[in-house]
Amino acid sequence: MDLAYFWYEGARALMAPTRVATDLTRYALLNPANPMAYSPYARAVVAGCEMFERVTRRYGKPSFGFQSTVVDGVAVPVTERVVWERPFCRVVTFDRGFLRPPAEPQPKLLIVAPMSGHYATLLRGTVEAMLPNHQVFITDWMDARMVPITRGRFDLDTYIDYLQQIFVDLGPDLHVMAVCQPAVPVIAAVALMEARNAPTVPVSMTLMGGPIDTRRSPTAVNCLAQERGQAWFEKNTIAYVPPTFPGAWRRVYPGFLQLSGFMAMNLDRHMTAHSDMFDHLVKGDGDSAEKHREFYDEYLAVMDLTAEFYLQTVETVFVSHRLPKGTMRHGREPVDLAAIRRCAILAVEGEKDDISGIGQTLAALDLTPNLPDARKAYHLQEGVGHYGVFNGSRYRSVIAPRIAAFIREMGALPAARVPHLRRVS
């Protein structure tokens with residue numbers, strides 16, 4: 001498997017002449033001066049050419065693209081700004097140009113994007129819903145193939161180190177939202193800071209569809225990791241980055257492998273979607289075709305993960321269940337969730353989530369015995385799957401307002417008193 005990336009890039013290079021010929025054919029048939037341009041045959045060929053181009057394209061990193069948002073009924077401009085940066089991550093904030101001070105306080109909200117194959121822009125809708133009432137920050141993780149090997153390693157411990165430093169630099173009065181994968185490192189980072197009684201512990205954390213305890217309602221993804229184990233994944237999914245990229249010779253879990261796994265889980269749905277797009281193009285239904293382009297331009301843009309981060313996560317979270325068992329360590333420090341006694345927790349789950357089953361995120365509330373009940377909350381959203389937990393109409397109309405209310409409520413509570421710690425076996 002080590003040279004799989006080389007074969008993949010070689011295949012892409014061999015396809016280059018065919019892609020050029022396909023593009024030339026498409027442009028020729030789209031030329032208004034071509035008498036065939038308006039025929040049903042031409043539309044079918046053009047549609048086929050576009051579908052071929054999209055299937056064989058390398059999708060680059062999308063942009064957030066926010067131009068404005070609405071605050072107190074008034075449209076205000078939005079600009080991006082990098083406020084924190086390390087080799088494998090940068091934190092981006094979205095500054096809003098207020099014409100007058102907002103009517104309500106604007107809490108600081110850090111959205112920790114998943115580092116699981118897609119770029120942080122997958123959470124564009126998540127950010128957009130929170131922008132009107134929050135100063136939003138988001139972790140923008142780097143593609144491992146673009147980070148030179150001289151910049152060092154990045155594993156789960158490094159991830160947690162990054163989070164702790166971000167909490168310090170953006171604090172105090174910071175609220176955190178972890179979407180899916182980062183639920184584990186976020187709660188671990190908070191527990192470590194609580195154990196040291198750090199003054200910059202976040203006020204609250206919202207954990208959304210996260211694998212806190214994958215022994216509860218295990219999904220197909222959880223079962224696969226449990227059955228195969230870390231050794232299998234190291235042998236069959238890890239490859240070296242080819243020398244055509246800045247991160248040459250870094251060992252990674254390639255994004256194209258992660259994408260193939262995502263596609264295989266719902267292959268019939270993706271095939272139907274592409275078949276429908278072909279029909280839309282032939283019929284000239286531009287609006288439907290554009291919706292397809294927007295979704296798949298984001299969905300098919302993937303990034304590589306460092307091998308050490310991927311394998312450590314598989315072992316710690318999905319195979320050994322170290323966090324809920326109380327055996328997880330960060331370097332030499334134990335990660336003790338019983339140390340959490342100030343940072344409020346909202347657990348959000350989707351009824352039809354096929355990635356993180358019901359109860360896996362709720363476990364965070366059960367594993368924090370020293371956190372007062374007044375600082376714990378749970379929301380189960382009916383009728384949504386994994387993606388719907390953080391995006392889509394029900395996220396915008398139900399979940400995002402629930403999170404915003406939780407943030408306001410926790411921010412208004414008096415500073416938590418530090419209770420005597422109760423240890424649990």
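From the list ASP155, ASP161, the one residue that fits, being touching an Asp or Glu at 6+ places or on another chain (Cβ under 6 Å) and under 27 Å from VAL221 (Cβ atoms), is ASP155. In the range 296-353, which residue that is farther than 25 Å from VAL147 by Cβ and acidic (Asp, Glu) is surrounded by the fewest Cβ atoms within 10 Å (Cβ to Cβ)? The residue in question is GLU351. May I ask you to list pairs of residues, at least six apart or on different chains, whose Cβ atoms are under 7 Å apart, with the first in the range 65-86 being more than 12 Å from LEU99 (Cβ to Cβ) and the second being in a strand (DSSP E or B) and among the polar types (S, T, N, Q)? As it stands, the answer is VAL78/SER68; VAL78/THR69; ARG81/THR93; VAL83/THR93, since those pairs meet every condition given.
Quick check: anything in the range 178-192 modelled with pLDDT under 95, more than 20 Å from THR327 (Cβ to Cβ) and small (Gly, Ala, Ser)? For the range 178-192, residues modelled with pLDDT under 95, more than 20 Å from THR327 (Cβ to Cβ) and small (Gly, Ala, Ser): absent.
Table: residues versus (1) out of contact with any helix residue (DSSP H, G or I) (no Cβ under 8 Å at 6 or more places or on another chain); (2) in the same structural domain as ARG196 (by TED's automatic domain parsing); (3) modelled with pLDDT of 95 or more.
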| position | (1), (2), (3) |
| --- | --- |
| ARG332 | yes, yes, no |
| ALA344 | no, yes, yes |
| GLY350 | no, yes, yes |
| ASP353 | no, yes, no |
| GLY359 | yes, yes, yes |
| ASN370 | no, yes, yes |
| TYR378 | no, yes, yes |
| SER393 | yes, yes, no |
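Can you tell me which residue is farthest from GLN181 (Cα to Cα) among those in the range 201-221 that are β-branched (Val, Ile, Thr) and modelled with pLDDT under 95? Filtering the range 201-221 for residues that are β-branched (Val, Ile, Thr) and modelled with pLDDT under 95, the one farthest from GLN181 (Cα to Cα) comes out as THR219.
Just one residue in the set ARG124, ARG153, ARG100 is surrounded by fewer than 22 Cβ atoms within 10 Å (Cβ to Cβ), closer than 26 Å to VAL335 by Cα and either among the aromatic types (Phe, Trp, Tyr) or assigned by TED's automatic domain parsing to the domain that holds ILE407 (or both); that residue is ARG153. The listed residues are ALA75, ALA44, and the only one of them that is aliphatic (A, V, I, L, M) and within 14 Å of THR25 (Cα to Cα) turns out to be ALA44.
The values are calculated or read from the model by the stated rules, or taken from the named source; none is laboratory data. Here the structure is a predicted model, which means the values were calculated and not measured. Counting neighbours? That spans all protein chains shown, and the Cβs are built from the backbone with ideal geometry, glycine included.
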